[in-house]
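Just below is one structure, and these are the notes that go with it.
The values are calculated or read from the model by the stated rules, or taken from the named source; none is laboratory data. The structure presented is a predicted model; accordingly, all values stated were derived computationally and were not measured. Ideal geometry is used to build each Cβ from the backbone, glycine not excepted, and the neighbour counts take in all protein chains shown.
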Amino acid sequence: MVALVTGRVFDDHGELPQGADKEVAVEAMFDRIAPTYDRANRVISLGQDRRWRRRTIAALAVPRGSTILDLACGTGDLCRDLEAVGQHPIGVDVSAGMLANARTLAPLVRADVLRLPIPDGAVDGIVCGFALRNFVDLTAFFSECVRVLRPGGRLAALDAAIPESAVMRAGHKVFFMGMVPVLGRLVAGDAEAYRYLPKSTAYLPPVEELLALAGRAGFISVTRRTMTGGAVQLVTGTRT
């Protein structure tokens, strides 16, 4: 139970935390890196994060003026982009540090996204940026999304992925596993956090299983598209 005691994201054997350890460790990590999070994202993504967010919002495909939950909103990048296109975002994050460093006019709520303080069927859409691998229970995540979405509401979840092409996979490994921790140490002063972020893709189930989880929870028309050579994935679905 190392993470529960110290907030570290690796145990003494370099293994990723699980269960309650993971919840505590991930929250502590994001609290710690919140002040430099935006700058580190720009550097590590080579500025591509803006394009990924635009595509996420476009794929959400809900009418202007919709109420959209941004789950694991961090410092509010997606909230700001949603506001810019006439939507009404509400940011939710468990990390007090992230919310304290948020730069958005959207309402912000500190809460566990697996237990949202939102009434049933209350929102038109949900976005989630690079957080699926940080949740301890993806079945519970998709089920909670279905609960708070109105019938016909939409989900767009963005996250990292492993490229299918052998060539792209090799380049991705060099950059994501090798360079990202170095850049994280230089930009954010936290090598451990930026070793965790690449390695945490191991939490994600295989593609077919991920899409099946969404379908079993109550989403239809579940699709997955990739960007940046397969290093980023976008999962979308419609609530029945």
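Scanning the range 150-166 finds no residues that are surrounded by 14 or more Cβ atoms within 10 Å (Cβ to Cβ), touching a strand residue (DSSP E or B) at 6+ places or on another chain (Cβ under 8 Å), closer than 27 Å to Ile44 by Cβ and without any contact (Cβ under 8 Å) to a residue 60 or more places away in the chain.
The residues of the range 221-240 that are surrounded by fewer than 17 Cβ atoms within 10 Å (Cβ to Cβ), touching a Gly at 6+ places or on another chain (Cβ under 9 Å) and of a type outside the set (Gly, Ala, Ser), listed by number, are Thr223, Thr240.
Selection of the range 144-167 for residues being in a helix (DSSP H, G or I) and under 21 Å from Ser66 (Cα atoms) yields Glu144, Cys145, Val146, Arg147, Val148.
One residue alone among Val222, Val235 is in a strand (DSSP E or B) and either out of contact with any Leu (no Cβ under 6 Å at 6 or more places or on another chain) or touching a residue at least 40 places away in the same chain (Cβ under 8 Å) (or both), and that residue is Val235. The combined condition, being over 30 Å from Val9 (Cα atoms) and charged (D, E, K, R), is not fulfilled by Asp93. Selection over the range 176-215 of residues that are farther than 21 Å from Gly237 by Cα and not in a helix (DSSP H, G or I) gives a count of 2.
Thr67 passes every criterion in (1) free of Cβ contacts under 8 Å to residues at least 12 places away in the same chain; (2) closer than 29 Å to Gly152 by Cβ; (3) not hydrophobic (A, V, I, L, M, F, W, C) apart from (1).
From the list Gly171, Gly184, Gly218, Gly189, the one residue that fits, being modelled with pLDDT of 95 or more and either more than 20 Å from Gly14 (Cβ to Cβ) or buried (at least 17 other Cβ atoms within 10 Å of the Cβ) (or both), is Gly218. Determine whether Leu158 is at pLDDT 90 or above and in contact with a Cys (Cβ under 9 Å, 6 or more places away or on another chain). Considered against the rule, which asks whether it is at pLDDT 90 or above and in contact with a Cys (Cβ under 9 Å, 6 or more places away or on another chain), Leu158 comes out as yes.
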